[in-house]
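The next block holds one structure in the form of structure tokens; read it before the comments.
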Amino acid sequence: MSNKSVSASFFEIYGNQHDVEGCTPLFAEDAVIHFNGSGPLNFEGYKQVGYAFLAGFPDIKATILDQFEGNGKVASRVRWSGTHTGEFNGIPATGRPFQNEDITIDHVVDGQIKERWTIGDLLSMMQQLGIIPAPGA
């Protein structure tokens, strides 16, 4: 499996099939994940983030917009979308849809993600959900 396909598999298995546990073989046992400035997280902690998003957005969808590979790293620009129909990190469902993008860089070693960095536009997501006022609102 190429490095790009390892990274792409995550977005398909988690983002479209909603299978958090199915992502386990994609990550090294000692993987380190940096998610929006938090962390670092181990894979078990990262799975909890995944479950939280699925609880709040059970229809979440991931679409890879761009993907580049070089020097053992894969950079992906991904569009996420979904509807806030469940509680998300203590925030009650708003019933509103969202769409935002993130950039994820995976360092892949021996067919597994050894380290991941993700930066996403959570501010825009919170504005779309009506949790934080949008500019000019």
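Quick notes
- Summed over qualifying helices (DSSP H, 4 residues or more, each -39500 (n - 2.57)) and divided by its residue number, the chain shows a 222 nm mean residue ellipticity of -7000 deg cm²/dmol.
- Once the 1.4 Å probe is applied to the protein heavy atoms, region 1-116 comes out at 49 Å² accessible per residue.
- Of the GluC sites (Glu not before Pro) found in region 87-130, those in coil by DSSP whose Cβ has at most 12 other Cβ atoms within 10 Å are Glu87.
- Helix 3-13 axis, angle to the chain major axis (alpha carbon atoms, nearest 10°): 40
- Cα gyration tensor shape for the chain, rounded if a/c is under 1.5, else prolate or oblate: prolate
- Element breakdown for region 1-126 at a 1.4 angstrom probe: carbon and sulfur atoms account for 54% of the accessible area.
- Cβ-based charge dipole, region 49-98, positive-most Cα from Gly86, Phe68, Phe57: Phe68
The values are calculated or read from the model by the stated rules, or taken from the named source; none is laboratory data. All values derive from a computational prediction rather than experimental measurement. Virtual Cβ from ideal backbone geometry, glycine too; neighbours counted across all protein chains shown. Areas reflect the complete protein model, heavy atoms only, side chains present, ligands, DNA and RNA absent. Shrake-Rupley method; radii C 1.70, N 1.55, O 1.52, S 1.80 Å.
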